[in-house]
Amino acid sequence: MNPFKVILYTALILGFSVSQSTGQKSILSSKAGTAAIQVKKTEAQTVVAAIHYGPYDQIGQTMGKLFAWLGKNGIQPAGSPSTVYFMDPEVFSTEELLSEVRIPIPADKKEVIRKKLTEVGMRVFTTTPVEVAYTMHKGPYEEIGSIYASLFQWVRESDYEFAGAPMEVYLSDPQNTKPQELLTEVQLPVMKFKTPAGTPGK
């Protein structure tokens, strides 16, 4: 899985402040290339996850090992896999990059899996629902970079601000799907911009 090459996640870490347009209604839809950008709240999911250290273009190996681990233990995935990206590859060296691969599982298997986890860097947990700005990318994973640029631009021009690490949800099986037909949902956690109390004109 080769994710983005251009990303401004450093802004998230530094608490990047997003300006709010005065007197304008919140924009809830825009365009990222040919895909609409919208805002939604994600649903809680029980997932088994594995930390990936190093180059993002090698995440597929970690994803494959995690699927193999589930198969070995007789656990059927319950949804589309995803990856959360914690480091900006434009700022950190490839050796410093950190991400987490997640695969949804049936909620009733959570404790069963917890007892089986023996490998360092793996965990099972239930995700917390969050509000995200999201859009769909159709095509090779190598071309997702432009989607991130559009998403960050959209957030900066909206009345939302960044609220967490970006995530990609892989809706297609790359083993059975042509690269140009791959579907990926790209998400950026956001929250409504809060105007400081006493700000003139707000």
Check: Is there any pair linking a residue in segment 141-169 that is not assigned by TED's automatic domain parsing to the domain that holds V84 to one that is of a type in the set (D, E) and part of a helix (DSSP H, G or I), with Cβ under 6 Å and at least six apart or on different chains, and which?
Finding: none
Note to self: Checking the condition surrounded by 14 or more Cβ atoms within 10 Å (Cβ to Cβ) and either at pLDDT 95 or above or within 20 Å of S99 (Cβ to Cβ) (or both), which residue from Q187, Q180, Q153 passes?
What the structure shows: Q187
Check: helices (runs of 4 or more DSSP H) wholly in segment 1-120 with at least 1 residues that are crowded, with 18+ Cβ neighbours inside 10 Å and at pLDDT below 85 - which ones?
Finding: 10-13
Notebook entry, point to check: What is the number of the single condition among (1) of a type outside the set (K, R); (2) buried (at least 18 other Cβ atoms within 10 Å of the Cβ); (3) assigned to a helix (DSSP H, G or I) that M136 does not meet?
Noted result: (3)
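The values are calculated or read from the model by the stated rules, or taken from the named source; none is laboratory data. No experiment lies behind these values; they were computed from the predicted model shown. Ideal geometry is used to build each Cβ from the backbone, glycine not excepted, and the neighbour counts take in all protein chains shown.
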